Every structure is written in C-alpha cells, then in structure tokens.
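S.K.: The structure follows.
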C-alpha cells in the first residue's frame, strides 16, 4: 500500500497521478512550446508585416487547454513566454510584455470559447485565440508607448490572425486525437 | 471519446466572417477619422508618450532634426508638407521603410524606440498631450 501523504492519488479506473508525473508533463509541454517559439524566432519572418508570425507555440497552448483545462494552459502559456524571452534575449523588453499580454489574453479567450461555444472546432478556437493575441498585443503596445495612433494597424493584425490561427489550429486538430487516446494524466 | 470535426464548422465560418467584418469596420473608421485634410498642420514628435517636438508645417518647410528616442537617435526629415524617418538605428528599419506621411491622422510608430511622429490639425489644439 502506498500511503496517501506521498502524493499518490488514485482516480477511478485511471492511472496513478503523481506529482512527478505532473512535473514531467508540465516540463514536456513547456519545453515543446519554448522550443517552437525559439525556432520561430530564428527563422526570418515569412510575413512582410511587423508583429505578424505563425505562432507555432500556440498549438501547444491549444493542446494543453483541450487536454488539461484553463489553469494548466495558462501556466504553460505564461511560462513559455518567459523561457522563450530568456533564450531569445528579449526578457523584460517591449516585445516581452507584448507577447505576455497576447499569450495570456488569447489563452483566456480560447478557454472561454471551448467552454461557452462547443460548436466551434479546434480551428475556430485557434483562430479566436490568434486574433485576440494580436489584439492584446496592440492594446499593450498602445499603453506602453501612450498613443492611440498605433490602432491604425488594427485591421492588418485582425486579418493576419485568421490564416495563422487556422494553421496552428489545424496542427492541433491533427495532434489532439492521438494525444487524447493515451492522455497523460496530470 | 468525443469526435471532433476535422474541418471548419458553421460556427467557425461565422467567426471568420465576423473577424473580416470587424477589420473592415476598423479600416473604414480609420479612413474616416483621417479623411479630413487640412492645410494648416502641426508635426508632433513623441517619445515614451511625451511630446518632445511640436512645430507648424507649411508647404515650404524643410528641415531635418535628430531626436533622441528611448534607446537610439532617430533622424526625421520634413519637406513639402510631408515628413519621414530618414535614418534610424533600429534592427528592422520599419519606420524608414514606411516612407512619407502627409495628412493629419497619419503617423509613423517605432516601437523599440518608443517614438511616434504624426501630424495634427492646428485647430484642435485643445488637447496637446496624454498624461498618465
């Protein structure tokens, strides 16, 4: 018998849920998201517009949200931004605050979409996330540099969120069934 | 396990259309707000939200100035009622690539340098800055 105080709990019909297991899967998801973020920062931007990128790390946030829920998704998204900024060298710069605002806002909105609008597919949720990510960045940028003029960029960023959101959503859509089959419990 | 649709659902399409409409509305609103042209205008240079230079621009104003931004100097050129960023020491040079601006409501923003330059009408001098 393993004593309860050692951090082991048994869910009915499921695997043992240990603290170690949780730490490992957290690390796995954060590492994956960070690696994708760093990888993307190394590539030349395929879009001729500043602030527009594919956002591959968003795929990981979507997976975390669908598999584990808001709390874990939010933690993974925020830590991903932190570690990516430390590795790329943008920690506490303007870009860092923009990313953090975008990531947190988009994760909240995606979680809301999953809960409140089950009619949306994974790609729809991802698109909502990408658009709000861009929106959050723009609001934060206007607060940081104290000008409303930056909102001239709003239509471009809104439209840019559609293809990037659909692309990352499609990736998540392909991955989700495989992960759900052997869902690691954390 | 819940079967999920692989492709876009009806709700997704609606969301997509809503986003496109929203961006169109935003675009039209910006065009309207920037639409009123005026001969008398002022050029404003802001760094970190504070106005550092403000001057009248007429058709024959021609000047160059170097502004100290948040991190690096930026050179602005004013000519024939237009202005542009001539030289900036930032990595991606987006402000330089944007070229000339001429009308009230148009602006050039440099995020790493926290620098904004824009034109405003001489008439609405009631509001000349934003403070925290």
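The values are calculated or read from the model by the stated rules, or taken from the named source; none is laboratory data. If you're wondering where the values come from, they're calculated on a predicted model, not measured in any experiment. Methodologically, a virtual Cβ is constructed for each residue, glycine included, from the backbone with ideal geometry; neighbour enumeration extends over all protein chains shown.
Residue by residue, here is whether (1) facing chain B (nearest Cβ under 8 Å); (2) crowded, with 20+ Cβ neighbours inside 10 Å; (3) farther than 26 Å from residue B:52 by Cβ holds:
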| position | (1), (2), (3) |
| --- | --- |
| A:135 | no, yes, yes |
| A:138 | no, yes, no |
| A:145 | yes, yes, no |
| A:164 | no, yes, yes |
| A:174 | no, no, yes |
| A:179 | no, no, yes |
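S.K.: Would you confirm, using the coordinates I've provided, whether residue B:93 is within 13 Å of chain A (Cβ to nearest Cβ), surrounded by fewer than 20 Cβ atoms within 10 Å (Cβ to Cβ) and modelled with pLDDT of 80 or more?
M.R.: On the way: within 13 Å of chain A (Cβ to nearest Cβ): yes; surrounded by fewer than 20 Cβ atoms within 10 Å (Cβ to Cβ): yes; modelled with pLDDT of 80 or more: yes.
Judged against the criteria, residue B:93 is a match.
This table checks each residue for (1) surrounded by fewer than 13 Cβ atoms within 10 Å (Cβ to Cβ); (2) over 22 Å from residue A:141 (Cβ atoms); (3) in contact with a helix residue (DSSP H, G or I) (Cβ under 9 Å, 6 or more places away or on another chain).
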{"position": "B:48", "(1), (2), (3)": "no, no, yes"}
{"position": "B:62", "(1), (2), (3)": "yes, yes, no"}
{"position": "B:68", "(1), (2), (3)": "yes, no, no"}
{"position": "B:77", "(1), (2), (3)": "no, yes, no"}
{"position": "B:81", "(1), (2), (3)": "no, yes, no"}
{"position": "B:86", "(1), (2), (3)": "no, yes, yes"}
{"position": "B:99", "(1), (2), (3)": "yes, no, no"}
{"position": "B:102", "(1), (2), (3)": "no, yes, no"}
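S.K.: I'd like to check something: does the stretch B:21-42 contain any residue that is modelled with pLDDT under 85, more than 11 Å from chain A (Cβ to nearest Cβ), surrounded by 16 or more Cβ atoms within 10 Å (Cβ to Cβ) and assigned to a strand (DSSP E or B)?
M.R.: yes
S.K.: Failed condition for residue A:96, given (1) at the interface with chain B (Cβ under 7 Å from one of its Cβ atoms); (2) surrounded by fewer than 20 Cβ atoms within 10 Å (Cβ to Cβ), with all others met?
M.R.: Of (1) at the interface with chain B (Cβ under 7 Å from one of its Cβ atoms); (2) surrounded by fewer than 20 Cβ atoms within 10 Å (Cβ to Cβ), only one is false for residue A:96: (1).
S.K.: Out of the stretch B:83-109, which residues are over 19 Å from residue B:41 (Cβ atoms) and in a strand (DSSP E or B)?
M.R.: Matches in the stretch B:83-109: B:86, B:87, B:88.
S.K.: So residue A:41 ticks every box in (1) within 14 Å of chain B (Cβ to nearest Cβ); (2) part of a helix (DSSP H, G or I); (3) surrounded by 23 or more Cβ atoms within 10 Å (Cβ to Cβ) but one. Which box is left unticked?
M.R.: (3)
S.K.: Follow-up question, since we're still on this one. Looking at the stretch A:92-118, which of its residues are under 17 Å from residue B:19 (Cα atoms) and not in a helix (DSSP H, G or I)?
M.R.: A:117
S.K.: Identify the residue in the stretch B:112-122 that is modelled with pLDDT of 85 or more, farther than 10 Å from residue B:83 by Cα and within 7 Å of chain A (Cβ to nearest Cβ) and, among all such residues, is surrounded by the fewest Cβ atoms within 10 Å (Cβ to Cβ). I'd like the intermediate steps shown before the answer.
M.R.: First, the residues of the stretch B:112-122 that are modelled with pLDDT of 85 or more: B:114-118.
Still in the running and farther than 10 Å from residue B:83 by Cα: B:114-116.
So of that shortlist, the ones also within 7 Å of chain A (Cβ to nearest Cβ) come out as B:114, B:116.
On the way: B:114: 20, B:116: 24.
Step by step, filter the stretch B:112-122, then rank; the result is B:114.
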